[in-house]
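Participant: Below is the structure I would like to discuss, written out as C-alpha coordinates.
The values are calculated or read from the model by the stated rules, or taken from the named source; none is laboratory data. The structure presented is a predicted model; accordingly, all values stated were derived computationally and were not measured. Counting neighbours? That spans all protein chains shown, and the Cβs are built from the backbone with ideal geometry, glycine included. With ligands, DNA and RNA removed, areas are computed over all heavy atoms of the protein, side chains included. Shrake-Rupley method; radii C 1.70, N 1.55, O 1.52, S 1.80 Å.
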Amino acid sequence: MLDEFINNLKLAGGEVLEEVPIDWYEVKGEFGVAENGAIFVSDYKKELFLSENVVIILDKDKIYPKITDVMDKIETGVFISGPSKTADVESFLVLGAHGPMRLGVVIKNQ
(Lines give C-alpha, C1' and ligand atoms only; values in the text may rest on other atoms or scores of the structure.)
Protein backbone atom coordinates (compact mmCIF):
# COMPACT_ATOMS: atom_id res chain seq x y z
CA MET A 1 0.00 0.00 0.00
CA LEU A 2 2.85 2.42 0.78
CA ASP A 3 4.37 1.75 -2.65
CA GLU A 4 1.04 2.49 -4.35
CA PHE A 5 0.71 5.73 -2.38
CA ILE A 6 4.23 6.84 -3.35
CA ASN A 7 3.75 5.92 -7.02
CA ASN A 8 0.48 7.85 -7.26
CA LEU A 9 1.93 10.82 -5.38
CA LYS A 10 4.79 10.95 -7.89
CA LEU A 11 2.37 10.65 -10.81
CA ALA A 12 0.61 13.75 -9.46
CA GLY A 13 3.95 15.60 -9.33
CA GLY A 14 4.70 15.22 -5.62
CA GLU A 15 7.91 13.87 -4.17
CA VAL A 16 8.92 11.89 -1.10
CA LEU A 17 11.52 13.60 1.08
CA GLU A 18 13.68 12.25 3.90
CA GLU A 19 13.48 15.44 5.97
CA VAL A 20 11.88 18.88 5.93
CA PRO A 21 13.89 21.24 3.72
CA ILE A 22 14.84 24.65 5.10
CA ASP A 23 12.42 27.44 4.13
CA TRP A 24 9.62 25.11 3.01
CA TYR A 25 6.15 25.65 4.48
CA GLU A 26 5.41 22.65 6.72
CA VAL A 27 1.99 21.21 7.52
CA LYS A 28 0.73 17.96 9.07
CA GLY A 29 -1.34 15.59 6.97
CA GLU A 30 -4.26 13.88 8.69
CA PHE A 31 -4.23 10.82 6.41
CA GLY A 32 -3.28 9.72 2.92
CA VAL A 33 -5.07 7.70 0.23
CA ALA A 34 -2.99 5.17 -1.70
CA GLU A 35 -5.27 4.89 -4.76
CA ASN A 36 -4.66 8.53 -5.74
CA GLY A 37 -1.64 9.64 -3.69
CA ALA A 38 -3.65 12.41 -2.03
CA ILE A 39 -3.20 13.69 1.51
CA PHE A 40 -5.94 15.29 3.60
CA VAL A 41 -4.95 18.47 5.42
CA SER A 42 -7.35 20.02 7.93
CA ASP A 43 -5.10 22.69 9.46
CA TYR A 44 -4.53 24.76 6.37
CA LYS A 45 -3.71 28.43 6.17
CA LYS A 46 -3.10 30.79 3.27
CA GLU A 47 0.61 29.82 3.29
CA LEU A 48 -0.37 26.35 2.09
CA PHE A 49 -1.56 27.91 -1.17
CA LEU A 50 0.81 30.89 -1.40
CA SER A 51 4.14 29.20 -0.64
CA GLU A 52 6.29 28.03 -3.54
CA ASN A 53 7.43 24.90 -1.67
CA VAL A 54 5.24 22.89 0.71
CA VAL A 55 6.10 19.78 2.70
CA ILE A 56 3.46 17.61 4.37
CA ILE A 57 4.34 15.40 7.32
CA LEU A 58 2.36 12.15 7.17
CA ASP A 59 2.36 9.16 9.54
CA LYS A 60 2.91 5.90 7.67
CA ASP A 61 0.11 4.17 9.58
CA LYS A 62 -2.37 6.81 8.41
CA ILE A 63 -2.28 5.74 4.75
CA TYR A 64 -5.46 4.01 3.62
CA PRO A 65 -6.01 1.96 0.46
CA LYS A 66 -9.07 3.75 -0.98
CA ILE A 67 -11.00 7.00 -0.64
CA THR A 68 -14.01 4.99 0.55
CA ASP A 69 -11.94 3.90 3.58
CA VAL A 70 -11.69 7.49 4.83
CA MET A 71 -15.13 8.90 4.00
CA ASP A 72 -16.08 9.07 7.70
CA LYS A 73 -12.83 10.97 8.48
CA ILE A 74 -13.40 13.80 6.00
CA GLU A 75 -14.48 17.03 7.63
CA THR A 76 -13.25 20.55 6.92
CA GLY A 77 -10.05 20.45 4.93
CA VAL A 78 -8.49 19.83 1.54
CA PHE A 79 -6.93 16.94 -0.35
CA ILE A 80 -3.52 17.66 -1.87
CA SER A 81 -1.70 15.33 -4.23
CA GLY A 82 0.91 17.42 -5.98
CA PRO A 83 1.81 20.93 -7.09
CA SER A 84 -1.03 22.88 -8.62
CA LYS A 85 -1.30 22.77 -12.38
CA THR A 86 -3.42 24.47 -14.99
CA ALA A 87 -3.38 24.49 -18.77
CA ASP A 88 -5.03 26.78 -21.29
CA VAL A 89 -6.77 25.74 -24.49
CA GLU A 90 -3.45 25.49 -26.31
CA SER A 91 -2.19 23.06 -23.63
CA PHE A 92 0.34 25.50 -22.18
CA LEU A 93 1.00 24.00 -18.72
CA VAL A 94 1.62 26.27 -15.75
CA LEU A 95 2.78 24.93 -12.38
CA GLY A 96 2.02 26.77 -9.14
CA ALA A 97 -0.88 28.79 -10.49
CA HIS A 98 -3.21 27.91 -7.60
CA GLY A 99 -0.76 26.70 -4.97
CA PRO A 100 2.78 25.48 -4.46
CA MET A 101 5.17 24.79 -7.32
CA ARG A 102 6.71 21.88 -5.38
CA LEU A 103 5.06 19.49 -2.97
CA GLY A 104 7.06 17.12 -0.81
CA VAL A 105 5.92 14.50 1.71
CA VAL A 106 7.91 13.24 4.68
CA ILE A 107 6.52 9.85 5.71
CA LYS A 108 7.08 9.17 9.40
CA ASN A 109 7.10 5.68 10.91
CA GLN A 110 5.74 7.12 14.15
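Participant: With every protein chain kept in place and ligands, DNA and RNA left out, what is the accessible area per residue of the chain? Probe 1.4 Å, answer in Å². Don't skip to the answer; put the middle values down first.
Facilitator: Values: 6690 Å² over 110 residues.
Per residue, the chain has 61 Å² of solvent-accessible surface.
Participant: Something else about it: Share of antiparallel DSSP beta bridges in the chain, in percent to the nearest 5? If you can, show how the numbers build up before the last one.
Facilitator: On the way: 9 of 25 bridges.
DSSP beta bridges in the chain are roughly 35 percent antiparallel.
Participant: In debye, nearest 20, what is the charge dipole magnitude of the chain about its Cα centre with +1 on Lys and Arg Cβ and -1 on Asp and Glu Cβ, if you could check? Provide the component values of the computation, followed by the final result.
Facilitator: Numbers: 11 positive and 19 negative charges, 17 e Å.
With Lys and Arg at +1 and Asp and Glu at -1, about 80 debye.
Participant: Label residue 42 and residue 84 with points 7 Å out from Cα along Cα→Cβ: what is the distance between them in nm?
Facilitator: Inter-label distance under the simple model: 2.4 nm.
Participant: Quick one: if you stick a label point 7 Å off each Cα along the C-beta vector at residue 71 and residue 3, how many nm between them?
Facilitator: Here the answer is 2.9 nm between the modelled labels.
Participant: So how tilted is helix 2-11 from the main axis of the chain? Cα-based, degrees 0 to 90, rounded to 10.
Facilitator: Helix 2-11 sits at roughly 10 degrees to that axis.
Participant: Moving on to the next point. How many nm is it between the label spots at residue 52 and residue 15, if each spot is 7 Å from the Cα in line with the beta carbon?
Facilitator: Distance between label points: 1.4 nm.
Participant: Per the helix-only calculation at 222 nm, which mean residue ellipticity applies to the chain, given -39500 (n - 2.57) for every DSSP H run of n ≥ 4 and division by its residues, nearest 500 deg cm²/dmol?
Facilitator: -3500 deg cm²/dmol
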